[in-house]
Amino acid sequence: MSNDPTHQFLVNKIVSIDIGGIDFSFTNASLFMVATVGAAAGFLYLTTSQRGLIPTRMQSVSEMSYEFIASMLREGAGSQGMKFFPMVFSLFMFILTANLLGMVPYFFTVTSQIIVTFALAVFVIGTVILYGFYKHGFGFLKLFVPHGVPGALLPLVVAIEIISFLSRPISLSVRLFANMLAGHITLKVFAGFVASLSAFGALGIGGAILPLIMTVALTGLEFLVAFLQAYVFAVLTCMYLNDAVHPGSH
Amino acid sequence: MFVTAAYAQSTTTEGAEAHDAAAAGEVHTETGVAHEGEHGSGVFPPFDSTHFASQLLWLAITFGLFYLLMSKVIIPRIGSILETRHDRIAQDLDEASRLKGEADAAIAAYEQELAGARAKGHSIADTAREAAKSKAKADRDGVEADLAKKIAAAEARIGDIKSKALADVGAIAEETATAIVKQLIGGTVTKSEIAAAFKASAGN
């Protein structure tokens, strides 16, 4: 176990796979993606297998997450946006489970990899663009032309709108990635203080109490962040999907 | 800005990195890791592009599978559970309102019945009272008439007896007068004379 706080983000090969000269190895990141899918799908599948009219506690957790995302999407993108429900629900459950699994010591955090969060953000924005053009044709471009802007300012405003649209996948992915990365590094640093201070005898052990308290407090905070970031990702996905469903409505 | 800088860093070091990884024989040892993780010298692990292709592939596989599972199995299932419950609650509410309607109708019918019965009771009591009153009056009238008849009969009888007694008094007086005359004067007096005398004295 290295004391290096970034060690936990290292991707290690488990099974080497090489297709056409490109490295597609099954790594610890892949393993935890599989674990995330297994845990999330397994939980949702097993808790709802009774199909109880009166839900058990665990079944109501699954139902609550369903209704939580459903109401979020309905508020964010209207009833026409409900066709994206499987997508938003999958994204939320995947990110939430990956974040929570990452909280287990020695577990790899899938969402602490920029390429993973960026791929998810591109998936969202790609869906918005494809559906927007498919549904509204070039009318989708009205998204970049807000109502009631004086003609002289219009080029500037349109440029700003386009830049803000293009920066969405970056902000969406970096927000999730940076939160998970920074949280885990902070936890590791404070936990590392506890270990290194307690090496200095009795005084060191006494001094290690403060970082220990910090570590415990940060662990609680990180659980909150794990949920919050999944929520933020889902909410922003709903907002962006609203642009695809109703362009030019804002 | 931070990200783009890091990206630039990762792309510039990509070649060297790949070479390094190949030399290390695809195994990251602890020391190799520590060396790579060191500030400035190596690339920051999350920006290490060596495994980007692998991560993308496995993310596509796992997330694609997850999406399929959600959209084909889990979401229809939870949706149907919620739908069933919603329908059941609506059905129960309908049933409850129907039963409440029935109960209200039953109460209204009961009230109506009760009012009818009460009115009927009143009328029965009234007629019974009237009948009793009239019967009592008739009885009293009958008894009074009977009594009056009896009084009249009694009075008639009394009058009869009185007149008969008065008549007897005349006869007794005539006999007594005859006897007295006989004793006093020793002669006989005829009955007609006595009666004439008596009539004369009675006429006075």
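Taken as a whole, the stretch A:135-151 holds no residue that is buried (at least 20 other Cβ atoms within 10 Å of the Cβ) and within 12 Å of another protein chain (Cβ to nearest Cβ). No other residue among B:Leu68, B:Leu59 is under 30 Å from A:Phe24 (Cα atoms) and more than 7 Å from chain A (Cβ to nearest Cβ) apart from B:Leu68.
Go over the candidates A:Ser90, A:Ser71 one by one and state the one that is more than 18 Å from the chain's Cα centre (by Cα) and within 14 Å of chain B (Cβ to nearest Cβ). Walk me through how you get there before you give the answer.
Working: A:Ser90 fails: more than 18 Å from the chain's Cα centre (by Cα).
On inspection, the qualifying residue turns out to be A:Ser71.
Just to be sure, is A:Ser164 buried (at least 19 other Cβ atoms within 10 Å of the Cβ) and either of a type in the set (Gly, Ala, Ser) or touching an Asp or Glu at 6+ places or on another chain (Cβ under 9 Å) (or both)? Taking the combined requirement at face value, the residue does not satisfy it.
Hey, any hits in the stretch A:200-209 for a residue that's buried (at least 16 other Cβ atoms within 10 Å of the Cβ) and either among the hydroxyl-bearing types (Ser, Thr, Tyr) or within 29 Å of A:Gly132 (Cα to Cα) (or both)? Among the residues of the stretch A:200-209, not one is buried (at least 16 other Cβ atoms within 10 Å of the Cβ) and either among the hydroxyl-bearing types (Ser, Thr, Tyr) or within 29 Å of A:Gly132 (Cα to Cα) (or both), which makes the answer no. Report yes if some residue within the stretch B:77-91 is modelled with pLDDT of 80 or more, assigned to a helix (DSSP H, G or I) and crowded, with 19+ Cβ neighbours inside 10 Å; otherwise report no. Yes, because at least one residue in the stretch B:77-91 is modelled with pLDDT of 80 or more, assigned to a helix (DSSP H, G or I) and crowded, with 19+ Cβ neighbours inside 10 Å.
Taking each residue of the stretch A:19-30 that is over 21 Å from A:Ala98 (Cα atoms) and looking for partners that are buried (at least 20 other Cβ atoms within 10 Å of the Cβ) with beta-carbon atoms closer than 6 Å, six or more apart or interchain, yields A:Asp23/B:Ser54.
Within the stretch A:190-249, being free of Cβ contacts under 8 Å to residues at least 12 places away in the same chain and among the β-branched types (Val, Ile, Thr) holds for A:Ile205, A:Ile209, A:Ile213, A:Val216.
Identify the residue in the stretch A:11-34 that is among the aliphatic types (A, V, I, L, M) and facing another protein chain (nearest Cβ under 7 Å) and, among all such residues, is farthest from the chain's Cα centre (by Cα). Walk me through it before giving the result.
To start, the set of residues in the stretch A:11-34 that are among the aliphatic types (A, V, I, L, M) comprises A:11, A:14-15, A:17, A:19, A:22, A:29, A:31, A:33-34.
The next check asks that each one be facing another protein chain (nearest Cβ under 7 Å); those that pass are A:11, A:22, A:29, A:33-34.
Working: A:Val11: 19, A:Ile22: 27, A:Ala29: 15, A:Met33: 13, A:Val34: 16 Å.
My answer is A:Ile22.
The values are calculated or read from the model by the stated rules, or taken from the named source; none is laboratory data. Values in this document were obtained by computation on a predicted structure and should not be read as measured data. Cβ atoms come from the backbone with ideal geometry, glycine included; neighbour counts cover every protein chain shown.
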